[in-house]
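Taking it in order: structure first as structure tokens, then the write-up.
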Amino acid sequence: MKKKEKSEIYEVLRPGEAIKELLREAAKGESPIATQVQQRLPRLEVLMHNWRLSGVKDKTVDFYMGSSFADRLFYHNIFHTIDVYLSSVLYGELERLPDHKRELLAAAAVFHDLGFIRQYKANEPFGAQIAYEIGKRFEYTEEETKEMQKMILATTMPQQPSSHLERIICDCDLDNLGRPDFFFKGHLVRLELAIFDNKIMSDLQWLEFQMKFLKSHRYHTKSARLLRDELKGKNLEAVSEVVEVMRKRA
């Protein structure tokens, strides 16, 4: 199949009424991660004034701005990076990490999807390599950069984290599964899959895809389970109900 133009993809993926309703409901709430992090602003201020982390964030923005993929990365872009960074601040607090570990987690969160600027599939090793190179520039030690690399590689799907920090960043990366913005974020992923992976799914196929993913997913940390499991379950219920109706109409 020939590569589709963006305008074609937009038309093919114009959401039907069922998905529009899910998106409308999701849009009613504020950004949950921003609100929750604001409640812990003192900790965020500490990280913002860390010179190494500030340098890493600035360099990451430069990388995204210079990427030829930037206008097609609807989900895995600088906004998702900010989202995961804020989640790392939140979970670093909830999991009571020492300050040094919070910084490494936040830096890895900033780096974790940089591989997308080079290639869409199997991007994590590229992101880990970029993290190593930039980390060295900002005086992260060999041990620190290696730890960040392990965190980035742990976000590869299916997730298989082996350390506490790896479990936290995996939960940060998929934090939105248990948030009100799940349906909006999912629609952005759908656009990306159509563009980069040529996966053009009908509304029913997409919702079945999301339903399967939600059923198979488990948060790795106690904090994420306490904070997100309830709404993740409600998101699954909402998707399942729409799928059932659409299947009957098919």
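Some points to look at:
- Overall shape of the range 66-122 was characterised from the C-alpha gyration tensor. The equivalent ellipsoid obtained from it has semi-axes of 26, 11, 8 Å, in decreasing order.
- Once Rg and the Kirkwood radius are both taken over the C-alpha atoms of the range 180-223, their ratio Rg/Rh works out to 1.04.
- Shape category assigned to the range 170-250 from the gyration tensor of Cα positions, a/c cut at 1.5: oblate
- Taking the range 121-250 as the region of interest, the number of lysine pairs whose Cα atoms are within less than 15 Å, with members eight or more places apart or on different chains, is 8.
- Ordered from longest to shortest, the equivalent ellipsoid semi-axes for the range 207-250 are 25, 10, 4 Å, each the square root of 5 times a Cα gyration tensor eigenvalue.
Throughout, read-outs are computed from the coordinates displayed, never taken from laboratory work. For clarity, every value in this text was computed on a predicted model and none was experimentally measured.
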